[in-house]
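J.: First the structure, which I've put down as structure tokens, then a few questions once you've had a look.
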Amino acid sequence: MRSNDAFLGLPHDIFTFTMLQEIIARQLNVDLGIYTHAVGSLHLYEGDQVNAQKYIEEGYHSTKDVMPDMPFGDPWPALKILSEEEIKIRNGENINEMDLQIDDYWIDLIRLLKVYSSLRENNLQGVETLKSEMKSSVYNIYLDQKIKHIKLKP
């Protein structure tokens, strides 16, 4: 990359690019390979320093706690379902992800979208319930921090 904002861009770019890498690898039925992120100018704007520090304080994963592997096979049917369910969640519809015919990997991603919706409503019980339903514990550091944040709100 020519230029990358360390707070507003970098974390999201790495997620997006590695997700695309995994989608393409699954579609082509090849090994994932290595992701390398090279940046000519990595910067943090002065006005973003406080929010960047808050972001860092949300926690981070140990390199021993890796994200679950995307299931093998064509990812596009599950991505279509994920996209459709996201629209429903954004529109406030109550969905039951367990009715979907997709791998737990994708169901956990749908649950994360539901967590985001619950967070916007300060719905502590909703976040705690979704956390208990997650198949992968790798999301717990994020969920625990969000639960703590809701509990600390006046």
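The numbers here are math on the coordinates, done by the rules we state, and not lab data. On a predicted model such as this, the values are computed, not experimentally measured, just so you know. All Cβ positions, glycine included, derive from the backbone under ideal geometry; neighbour counts span all protein chains shown.
J.: For Val66 and Lys54 in one chain, what is 0.36 nm times their gap in residues minus the Cα-Cα distance, to one decimal in nm?
T.: Additional length available on full extension: 2.0 nm.
J.: Between Val30 and Leu112, what FRET efficiency comes out of the Förster formula 1/(1 + (r/R0)^6) with R0 = 25 Å and r the beta carbon distance, rounded to 0.05?
T.: With R0 = 25 Å, the Cβ-Cβ based efficiency is 0.40.
J.: For a 21 Å ceiling on Cα separation, which of these pairs sit above it: Lys114/Lys148; Lys54/Lys88; Lys54/Lys151; Lys114/Lys135; Lys114/Lys151; Lys88/Lys148?
T.: From Lys114/Lys148; Lys54/Lys88; Lys54/Lys151; Lys114/Lys135; Lys114/Lys151; Lys88/Lys148, over 21 Å: Lys54/Lys88; Lys88/Lys148.
J.: Next up: Within region 20-106, which trypsin sites (Lys or Arg not before Pro) sit in a loop by DSSP and count at most 12 neighbouring Cβ atoms inside 10 Å?
T.: Those satisfying the criteria are Lys64.
J.: Another question about this same structure. Which three numbers, in whole Å and largest first, are the semi-axes of the equivalent ellipsoid of region 1-57 derived from its Cα gyration tensor as √(5λ)?
T.: For region 1-57, the semi-axes come out at 28, 13, 7 Å.
J.: Hey, if you put +1 on the Cβ of every Lys and Arg and -1 on every Asp and Glu Cβ in the chain, which of Leu82, Ser136, Ile147 ends up farthest toward the positive end of that dipole?
T.: Ile147
J.: Let me see the P(r) profile for the chain: every Cα-Cα distance counted, bins of 5 Å, each bin given as a percent of all pairs.
T.: Distribution as computed: 2, 8, 14, 17, 19, 18, 13, 7, 2, 0, 0 percent.
J.: Sticking with this one: Which value, in nm² and rounded to one decimal, describes the direction-averaged projected area of the C-alpha convex hull of region 84-124?
T.: It is 2.8 nm².
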